[in-house]
Amino acid sequence: MCLIVFAWRPNQALPLIVAANRDEFHARPSLPLAVWEDAPHVIAGRDLQAGGTWMGIGAAGRFAALTNIRAPGAPLGARSRGELPERYLRGQLSPQAYLTELTGRLQQYSGFNLLVGDTRELWYLNSAMGAPEQLLPGIYGLSNAALDTPWPKLVRARSALQECLCTPEAEKLLQLLSDPQPAADAELPSTGVPYEWEKRLSSVFIASAEYGTRASTVLIRRADGSTELIERCFGPAGRLGESRINLPPLSQVSGPMHV
């Protein structure tokens, strides 16, 4: 993922609302949101180059999402960052225990932000800072810097999410993810990439021939654990398809995911 805006426990009826865009080179192969055949308790998109994921859910209300930290010239990690949410979704460690264990291996990965949670807690880890943080109820934004770094697209998307919370419908959340407006030159962050890339990457939704928003994903979780997941996939020429998954309350789930 390259942009995630989310509301953690904004009200009692809806404990988690997520709207996220995955930006990637179009040539990198991946599978859309689905139940994993080799891990039927995991629902996520899948990177076919390295095998991991960028966002998904697992058993007992587990949730994980990842963004990269934009740091041109930084040493590349030996391991794929996509395995970080995957390992959490496949496993059984608590969010805090998982991130605490991970802090001893941060040098194995290029820079990242990682969200992991369940029905009770949501935790955050920025690899450059190295200290897991439990998130309080609130509305947050995460792009390719630290949590809530006020890049224009993050501020715009987070504000749009705030406006959706009275009636958080999937279509409204997908609409906020489709915003193609780039930031004004005076507002562009300086992240070490050329101006043309800085401008291109400054919009919520990125469209270009070689690189762009590959997937827009919305998650709405209700108090009983029932969950709505929608993902729209895109290619260089536009929209490719859509996946919709509705899961029953957690009390009704006793085995592998069935959709």
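The values are calculated or read from the model by the stated rules, or taken from the named source; none is laboratory data. Not measured: the values here are computed from a predicted model. Here the Cβ positions follow ideal geometry from the backbone for every residue, glycine too, while neighbour counts run over all protein chains shown. SASA here: full protein model, heavy atoms, side chains in, ligands and nucleic acids out. Shrake-Rupley method; radii C 1.70, N 1.55, O 1.52, S 1.80 Å.
Among the residues making up the stretch 151-202, those that are open to solvent by less than 70 Å² (accessible area, probe 1.4 Å) and among the acidic types (Asp, Glu) are Asp179, Glu198. Going by the conditions given, is Val204 in a loop (DSSP other than H, G, I, E, B), touching a Lys or Arg at 6+ places or on another chain (Cβ under 6 Å) and either among the aliphatic types (A, V, I, L, M) or modelled with pLDDT of 95 or more (or both)? So Val204 passes the test.
When you look at Arg214, is it within 23 Å of Val155 (Cα to Cα), open to solvent by 20 Å² or more (accessible area, probe 1.4 Å) and modelled with pLDDT of 95 or more, yes or no? Considered against the rule, which asks whether it is within 23 Å of Val155 (Cα to Cα), open to solvent by 20 Å² or more (accessible area, probe 1.4 Å) and modelled with pLDDT of 95 or more, Arg214 comes out as yes.
Being modelled with pLDDT of 95 or more and part of a loop (DSSP other than H, G, I, E, B) is a property that Pro150 has.
Among the residues of the stretch 60-67, is there at least one that is touching a Gly at 6+ places or on another chain (Cβ under 9 Å), in a strand (DSSP E or B), open to solvent by less than 40 Å² (accessible area, probe 1.4 Å) and not hydrophobic (A, V, I, L, M, F, W, C)? No, the stretch 60-67 contains no residue that is touching a Gly at 6+ places or on another chain (Cβ under 9 Å), in a strand (DSSP E or B), open to solvent by less than 40 Å² (accessible area, probe 1.4 Å) and not hydrophobic (A, V, I, L, M, F, W, C).
Among the residues of the stretch 128-150, those that are touching a helix residue (DSSP H, G or I) at 6+ places or on another chain (Cβ under 7 Å) and buried (at least 21 other Cβ atoms within 10 Å of the Cβ) comprise Gly141, Ser143.
For (1) among the aliphatic types (A, V, I, L, M); (2) outside any loop (DSSP other than H, G, I, E, B); (3) touching a residue at least 60 places away in the same chain (Cβ under 8 Å); (4) out of contact with any Gly (no Cβ under 9 Å at 6 or more places or on another chain), each residue gets a yes or a no:
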position: Thr167; (1), (2), (3), (4): no, no, no, yes
position: Leu173; (1), (2), (3), (4): yes, yes, yes, yes
position: Pro180; (1), (2), (3), (4): no, no, no, yes
position: Pro189; (1), (2), (3), (4): no, no, no, yes
position: Glu196; (1), (2), (3), (4): no, yes, no, yes
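In the stretch 227-249, of all residues being of a type in the set (A, V, I, L, M) and open to solvent by less than 50 Å² (accessible area, probe 1.4 Å), the one that is farthest from Val42 (Cα to Cα) corresponds to Ile230. Restricting Leu84, Leu89 to residues that are in contact (Cβ under 8 Å) with a residue 12 or more places away in the chain, open to solvent by less than 20 Å² (accessible area, probe 1.4 Å) and within 21 Å of Thr149 (Cβ to Cβ) narrows the list to Leu84.
Output the residues belonging to the stretch 15-31 that are open to solvent by 20 Å² or more (accessible area, probe 1.4 Å) and not in a strand (DSSP E or B). Within the stretch 15-31, His26, Ala27, Arg28, Pro29 meet the criteria. Scanning the stretch 45-59 for residues that are under 19 Å from Leu16 (Cβ atoms), assigned to a strand (DSSP E or B) and either of a type in the set (Asp, Glu) or without any contact (Cβ under 8 Å) to a residue 60 or more places away in the chain (or both) gives a single hit, Gly56.
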